[in-house]
1. At a probe size of 1.4 Å, how large is the accessible area of residue 112, to the nearest 10 Å²?
2. For segment 236-358, what size does the Cα cloud have along each of its three principal axes, sorted from largest down, in whole Å?
3. By per-residue mean of other Cβ atoms within 10 Å, what is the highest-first order of 496-509, 530-543?
4. Compare the Cα positions of 96, 70, 12 along the charge dipole of segment 1-102 (+1 at Cβ of Lys, Arg; -1 at Cβ of Asp, Glu; about the Cα centre) and return the one farthest towards the positive end.
5. If you roll a 1.4 Å probe over the chain with all protein chains in place, what percent of the accessible area is carbon or sulfur?
6. Could you tell me whether segment 355-424 comes out rounded, prolate or oblate from its Cα gyration tensor? Rule is a ≥ b ≥ c as square roots of the eigenvalues, rounded for a/c under 1.5, then prolate if a/b exceeds b/c, otherwise oblate.
7. Order the peptides 288-297, 9-18 from the highest to the lowest mean number of other Cβ atoms within 10 Å of their residues.
8. Answer with one residue from 203, 267, 307: the one whose Cα lies farthest towards the positive end of the charge dipole of segment 188-318, charges on Cβ with Lys, Arg +1 and Asp, Glu -1.
Amino acid sequence: MLRTKYLFVVGGVLSGVGKGITAASIGRMLANRGLKVSAIKIDPYINVDAGTMNPVEHGEVFVTDDGDETDQDIGNYERFLDTDITSVNYLTTGRVYQSVIQKERSMKYRGHCVQVVPHIPLEVVERIKAAAAATRAQLVIVEVGGTVGEYENILFLEAARMMKLATPDDVGFVLVSYLPIPSHLGEMKTKPTQHAVRALNNSGVQPDFIVARGKDELDKPRREKLAYFCSLRSEDDVIAAPDVGSIYEVPALFERQHFPELLAKRLKLRLRDKKNRQWHHFLQRLHGAATPVKIAVVGKYFGSGNYTLADSYISVIEAIKHAAWSLGARPELTWIDSEEFEANSGRVRELKNYQAVIVPGGFGTRGIEGIISAIKFIREQSIPYLGLCYGMQLACIEFARHVLHFEGAHTVECRPDSPYLVINVNPAQAKNIREDRYGGTMRLGAYRCQLKPKTKVQKLYRATEVSERHRHRYEFNNDFRTKMEEAGFGVVGVNPEANLVEIIELANHPYFVGTQFHPEFKSRPLHPHPLFVGLIKAALVRQQ
Ligand code: GLN
């Protein structure tokens, strides 16, 4: 058996330069060569998980099969590596301290004084190794959140240093850095990266490779400079990573610079000569996708720019892309703030200009009436619709109000005194809320869903039962099920254990589907999600 190898990916100069995409792309390029790769994300914050954080501040909360509420980078790993990742692969400072304190309380340190150093880094090492064992990967990529030189991630770098010291041949380091081009100079500068390497050296770590992010390609003099001043073994160890059209092109960008071979040499990894071409074929589809398809995403937004929105709904956006590309289409997304429909009810008519509409997940009361009036218009005008979680719950409310004339129908989340609580809370959840137990207490992770035969959804899935990931507190209220079904509201997916409504669809509509779960978490470039494919198919028909 070959020993597990570890590759730490750390960031320099500034955050947001694409450490996660770099880590995921390294994984993909090595998986293309037959290696079993897994990836760990370390987030330096105190939160035990990402579940309690505002998505505007933190970005999307990505949910795993085993119900962990993680960072969006775990989503990138799943998409690039085409594999399921579980909670062992996600670390936060909060998690690490929590278990050290628990161990101390149960005398696991046998009377010793428990200290930040070495006990915290040792716990980190233990967790990294546990993830390696659980995933049985040949290579484990460990992405350390934050930027080198920060107070926050110093203990994680210390853990990495300890691992390198113990088994030098099994541990490597990649620094993802940024090379700015100041406008008054018009020239790419290497100095900030040199400083980042010095900061890393202060933690006792020397990078083996530098991935040089920047707007442009790296030229020879700068490559030489980086190699020389950052003490790399060769200038080939500087990997240029200029901006590219799609994140999915990065593995190929690395392959062209022989990064797989260089890494294999450094870490003594055995690569297959023959490359798996699946990713390549996917890229061909991506580049060939030409038919524009106009999609509106209606939600309550926080006056934030497109960048923040893209970060908060990354899995939804990627799922749309995967499905569209697989059908030769190029998606054009428009974000619509549902509060605009509340201010001016006539504006819902603008939705006619789109080929499909998505209402993504959400929480709280603001903007809800605007979404409900949008869904009414979409239903009546036969515009293809996919409602994700809240988008499904609000579709149920809309139907109850306007087809069954249950005036004031609502969700208990917004109007607990409504006479028609179409969306309600189960007793266990009500207790959590009463006791302020919010962290990790929603209905989370994978649950079974049985599909009703011969429905649109069942035909798209080509299965009788599926497993999908959840993140919500409230549920469809079964007291209303018979009445809704009699009026033509199709309950087409049900959880067999708890008899919970998981998918709804309207038969007399080109495509009107709502899911209590989040299908976007399971969409992969190599395996677009059937329900997104169904939406785009319907969107393309609408165009004709
Ligand atoms: N707010 C709703 C609930 O908690 C929907 C959650 C979501 O869309 N993820 O049930």
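The values are calculated or read from the model by the stated rules, or taken from the named source; none is laboratory data. Since we're looking at a predicted model, the values are computed, not measured. Cβ coordinates were reconstructed from backbone atoms using ideal geometry, including for glycine residues, and neighbour counts include every protein chain displayed. These accessible areas exclude ligands, DNA and RNA; they are computed on the full protein's heavy atoms, side chains included. Shrake-Rupley method; radii C 1.70, N 1.55, O 1.52, S 1.80 Å.
1. The accessible area of residue 112 comes to roughly 130 Å².
2. Extents along the principal axes, in whole Å: 63, 29, 20.
3. Going from most to least packed, we get 530-543, 496-509.
4. 12
5. Of all accessible area on the chain, carbon and sulfur atoms account for 51 percent.
6. oblate
7. Highest to lowest by the protection proxy: 9-18, 288-297.
8. 267
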